[in-house]
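Working notes, structure below.
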Amino acid sequence: MKIVMPIYGTRPEAIKMAPIIAALQKSGTLSCVVTVTGQHRAMLDQVNELFDIRPDHDLNILQQRQTLSSIMTRTITGLDELFSVSRPDAVVVQGDTTTSTAAAFAAFYHGIPVVHVEAGLRSGNLFSPFPEEGNRKVTSQIASLHLAPTSVSRANLRAENIPDGDIVVTGNTVIDALLETVAKNIPFTDPALEEVAASGKKVLLVTTHRRENQGEAMQGVGRALARIANSEPDLAIVLPIHKNPVVREAVLPQIGGRTNILVTEPLSYGEFTRLLSVSSVVLTDSGGVQEEAPSLGKPVLVMRDNTERPEAVTAGTVRLIGTDEERIVHEVSRLLNDQEYYSSMANAINPYGDGHAAARTVAAIESLLGLGDRIEDFSSLY
Ligand code: UD1
Ligand code: UDP
């Protein structure tokens, strides 16, 4: 059997890789060997535990307040050693984290074909998101198979002269993970969250972590949350906060003492998707959350000036609002208080996948390795 090695290191990669690992483990032609870099620790282990994934190799690279260069060099060094004793027939990397680009490089240097999942996303601005736009462009240059989630991402790859025969449109595996997980209706472990869900109050779900928003912009996000909490006393604001101390230092001092802001540790994926499903409005700078919320019919305000995920903006359920404090307060208040406007954004649409992206991914890998024919592209909404 040919050996396929998924390599990942952060929470979102783990969520999006989990359905692929499950599909690889069921394959009759491929053997799956899982490697994690440990770029995240608690937030990565949380996902592996939920999906019952026990990695075969763990580079354990995390350092507190790690630099991009340390993630890159520690990953390449660790994989260099691993590939010289355990060489897969292909590696699978996901998205645009530094783990994914470093893993792609390490494999490329060893002559191992790279399969890039969630290929072709582009914001068009090399510095936003940073370093992700640069990371994914580099990976596109050295990958052998590009799995684009939508026709929009395929068009981006074509525009960069990636050969058409090397691109397959699969849908995004995040929708596979979401549909499977949300159906389980996983209970909250924190009684305060159960209370919020049972209260019938409107819920504003907030996440923030983007590197380019850290510092003053993120402090402004915190101040905006405090103002919204003051002006909307019946609203429950829930902020599952990223493990990054830089994020905590920017946001938490701005919001202290408000009883209608519930700050939690990062939630398990099961709990987070349940919280998404009981939320009224989502305020985020996350990539994955922009993909998930629309399929649950939740309006999303994205605290960025651009996005590499324009499909849900086109569909009308995602709005780019930037990080200006006044604008955040205004946009949230409008969604909460203007029913007609709210309804215009609260449409359940699924531009990112149909829940079968992992099966297409495995079939495309089989084809790359000479074990099957080319599959049909997923026909996405956009
Ligand atoms: C990384 C990715 C980003 C992705 C995000 C998902 C890069 C450059 N960035 O950013 O693309 O959107 O993950 O969340 O690849 N930490 C812990 N425990 C954890 C996780 C993080 O302590 O489980 C702390 C550490 O102090 C670490 C810091 O958070 O130094 C930042 O983590 P890092 O992976 O460098 O950056 P993220 O902002 O999480
Ligand atoms: N998520 C989670 N628990 C949380 C917050 C987010 O499981 O407390 C999930 C979310 O559903 C999405 C993913 O984490 O699938 C997004 O991760 P993040 O925002 O850290 O990274 P990005 O998608 O921006 O790269």
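The values are calculated or read from the model by the stated rules, or taken from the named source; none is laboratory data. Predicted model, so just to flag it, every value in this text is computed and none were measured. Note that we place each Cβ from the backbone using ideal geometry, even for glycine, and neighbour counts take in every protein chain shown.
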**the range 49-71 - residue that is among the aliphatic types (A, V, I, L, M) and more than 9 Å from ligand 1 (Cβ to nearest atom) and, of those, surrounded by the fewest Cβ atoms within 10 Å (Cβ to Cβ)** = 50
**Message:** Against the condition surrounded by fewer than 21 Cβ atoms within 10 Å (Cβ to Cβ) and either more than 24 Å from residue 180 (Cα to Cα) or touching a strand residue (DSSP E or B) at 6+ places or on another chain (Cβ under 8 Å) (or both), how does residue 300 come out, does it pass?
**Reply:** no
**Request:** Filter the range 347-381 for residues that are crowded, with 19+ Cβ neighbours inside 10 Å and assigned to a loop (DSSP other than H, G, I, E, B) and give the result.
**Result:** 350, 351, 352, 353, 378, 380
**Message:** I need the full set of residues from the range 274-287 which are more than 16 Å from ligand 1 (Cβ to nearest atom) and among the polar types (S, T, N, Q), in order please.
**Reply:** 277, 279, 280
**Check on residue 87, in a loop (DSSP other than H, G, I, E, B) and either touching a His at 6+ places or on another chain (Cβ under 8 Å) or more than 12 Å from ligand 1 (Cβ to nearest atom) (or both)** = yes
**Request:** Hey, can you tell me all the residues within the range 28-43 that are more than 22 Å from residue 107 (Cα to Cα) and either in a strand (DSSP E or B) or near ligand 1 (Cβ under 8 Å from one of its atoms) (or both)?
**Result:** 41, 42, 43
**helices (runs of 4 or more DSSP H) contained in the range 148-205 and holding at least 1 residues under 20 Å from residue 266 (Cα atoms) and at pLDDT 95 or above** = 173-182, 191-199
**Prompt:** How about the range 1-20: which of its residues are crowded, with 22+ Cβ neighbours inside 10 Å and within 21 Å of residue 371 (Cβ to Cβ)?
**Reply:** 4, 5, 6, 7, 17, 19, 20
**Asked** Assuming residue 46 fulfils every condition listed in (1) buried (at least 19 other Cβ atoms within 10 Å of the Cβ); (2) within 20 Å of residue 116 (Cα to Cα) apart from one, which condition is it?
**Response** (2)
**Request:** Run residue 141 past the list (1) within 16 Å of ligand 1 (Cβ to nearest atom); (2) in a helix (DSSP H, G or I); (3) within 22 Å of residue 75 (Cβ to Cβ) and report the number of the one that doesn't hold.
**Result:** (1)
